[in-house]
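What follows is a set of notes on a single structure, which appears directly below.
The values are calculated or read from the model by the stated rules, or taken from the named source; none is laboratory data. Here the structure is a predicted model, which is why all the values come from computation and not from measurement. Cβ coordinates were reconstructed from backbone atoms using ideal geometry, including for glycine residues, and neighbour counts include every protein chain displayed.
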Amino acid sequence: METQEIIAESPKRPGHGFGPLQIPLFRDRWIASTVSNLGTWMQDTAGTWLMTVLSAGSPLLIALMQTAASLPVLLLGLLAGATADVFERRRLLIFWQSWMLVTVGLFGGLAHILLTESYRLAPASLVAPFDYTSMLWAFVLGYVFFSEVPTVYVFIGAAVIAAAGLFVIWRERQLGLQRVRAAEGPPTGT
């Protein structure tokens, strides 16, 4: 169905700003774009927060992180718009979707290597909470995309795993505090 036919079959739009949302195709794409942007904003915020924590608030590293996130859009946005006007859109779409698939695979492999390296270099108590968020995402994504409702046993198992992990984190912190106190020596009375 052509775009003109979809618009012709759509109900008449009132003259206010929400009129285009009455067109189902536009509304669906607008919702998808909004959800995608929300995910991007969450990732940018989390990345900046993590860089703030790990770099002790270094303005240079935080600025470099934001530059790395924004620069590709700035540099490639004009090029993408120009190529969309010059080449056949179907072939262009297939090319870029294939390119994104390869890139996601490469970056996914790199992320796995870096995650493994982070477990080797950082204390488990620092890395584990980020790993537990994967359970939450598994619940949410399973429900949203596959209409999968977790059973009570899934929640009990997740609670046991999370509680055990939190206990290990708490215990490691207590042992670390004991080591610090032992290194400082007994208090001196004056």
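Data overview
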quantity	calculated
Sole exception among (1) hydrophobic (A, V, I, L, M, F, W, C); (2) at pLDDT below 85; (3) more than 22 Å from Leu54 (Cα to Cα); (4) surrounded by 11 or more Cβ atoms within 10 Å (Cβ to Cβ) for Ala128, by number	(3)
Met42 vs. criteria modelled with pLDDT under 85, part of a helix (DSSP H, G or I) and within 30 Å of Trp137 (Cα to Cα)	no
Residues of the range 45-93 classified as small (Gly, Ala, Ser), more than 17 Å from the chain's Cα centre (by Cα) and assigned to a helix (DSSP H, G or I), total	6
Meets criteria (surrounded by fewer than 11 Cβ atoms within 10 Å (Cβ to Cβ), under 19 Å from Gly47 (Cβ atoms) and not aromatic (Phe, Trp, Tyr)) for Leu121	yes
